[in-house]
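So the structure is just underneath, and the comments pick up after that.
Nothing in this text is a laboratory measurement; each read-out follows from the coordinates by a stated rule. Keep in mind that this is a model prediction, so the values were computed, not measured. Counting neighbours? That spans all protein chains shown, and the Cβs are built from the backbone with ideal geometry, glycine included.
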Amino acid sequence: MFADPQTITINSVPYTLARVSTNGLKTVYQTADGNHVLTVSHTVAKDRIRSMVRLDTRQVVADPLTSASEWANLAEYHVWDRPLVGFSVTEVTQQTTGFKTWLDSTAIGKVFGQES
């Protein structure tokens, strides 16, 4: 199990997320104001393990047409879908590092612009 609390730094601002629930292979961490939620979960099915790390951030945004303020949510996930055997932690770490390196601001901008 991960330590309680977890810290996520966004734009140089550290956010402390306390463990708020644990249910089998799923644990949720959250800031006191509920604006940042970190979920770590695992699903084991047949001969595969699916591990997910998800970060949700909510904030008040203004509707550009009406200027009305309302809550909006941004979710980001990373999923590893792997066989029970065959890939070492080192190999998974190497692939993840390569993927995170590729997913720089240029790639994120293209994805945000719906390029594929």
Loop trypsin sites (Lys or Arg not before Pro), region 11-66, which have at most 15 other Cβ atoms in a 10 Å radius of their Cβ (DSSP):
Lys46
Reduced Cα scattering model of region 6-85, Debye log10 I(q)/I(0), q = 0.13, 0.14, 0.16, 0.25 Å⁻¹:
-0.53, -0.59, -0.72, -1.15
State to the nearest 20 debye the size of the charge dipole of the chain about its Cα centre, where the only charges are +1 on K and R beta carbons and -1 on D and E beta carbons.
400
Quick one: which residues, 5+ away or cross-chain, put their amide H under 5 Å from the amide H of Phe87? H built at 1.01 Å from N.
none
Among Asp104, Asp47, Asp81, determine the one that fluctuates most according to a GNM of the chain built with springs between C-alpha atoms less than 10 Å apart.
Asp104
With the calculation restricted to Cα positions, what are the radius of gyration and Dmax of region 44-116 in angstrom?
17.6, 54
